[in-house]
Amino acid sequence: MSKIPRNFKLLEELEKGEKGLGAESISYGLTNQDDITMTYWNGTILGPPHSTHENRIYSLTIICDETYPEKPPQVSFISKINLPCVDDTGKVVVDQFDTLKNWRRSYTMETVLLELRKNMAAPSNKKLSQPAEGTTY
């Protein structure tokens, strides 16, 4: 089976993200439409219901460098959040987040954002006290 080239995979993700064809609880797109390398992305996660994240919108940055999709993207929260897999600068720590730690080429930015949202709603995390809404790293 042949591998889809990086740019084709990213174009596919861009189209899905821009057309809103994915999950309604997340969104993602290029930071700059002129970024021909498709490296820098913005992501948004709507806080899951019945958690301390409910009715909050979390902004993230996603960097898909030249090693993507062979290696996971670098993901950081812009919005402050208290989660075990996020360090004190907002970066999602690869070794503490299974989706990045056990990365597969078939995963996408949508996979990462949905798994982060699921992590926010996990019983062990959904009651964690959170920084004031609107604060950023």
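We did not get these values from a lab; they are worked out from the coordinates using the rules stated. Quick caveat: nothing in here was measured; it's all calculated off a predicted structure. Backbone-built Cβ (ideal geometry, glycine too); neighbour counts: all protein chains shown.
Counting beta carbons within 10 Å around each of Thr89, Thr111, Thr61 and listing the fewest first gives the order Thr89, Thr111, Thr61. Residue separation of Asp88 and Lys19 scaled by 0.36 nm, minus their Cα-Cα distance, works out to 21.5 nm of gained length. Given their separation in residues at 0.36 nm each and the Cα-Cα distance between them, Thr67 and Asp95 gain 8.3 nm when the chain is fully extended. For segment 1-122, the spherically averaged projection of the C-alpha convex hull amounts to 7.6 nm². Solvent-free Debye calculation, one equal scatterer per alpha-carbon of segment 56-137: log10 I(q)/I(0) at 0.16 Å⁻¹ equals -0.58. In this rough spin-label picture, where each label sits 7 Å from Cα along the Cβ direction, the Tyr107-Phe8 distance is 2.3 nm.
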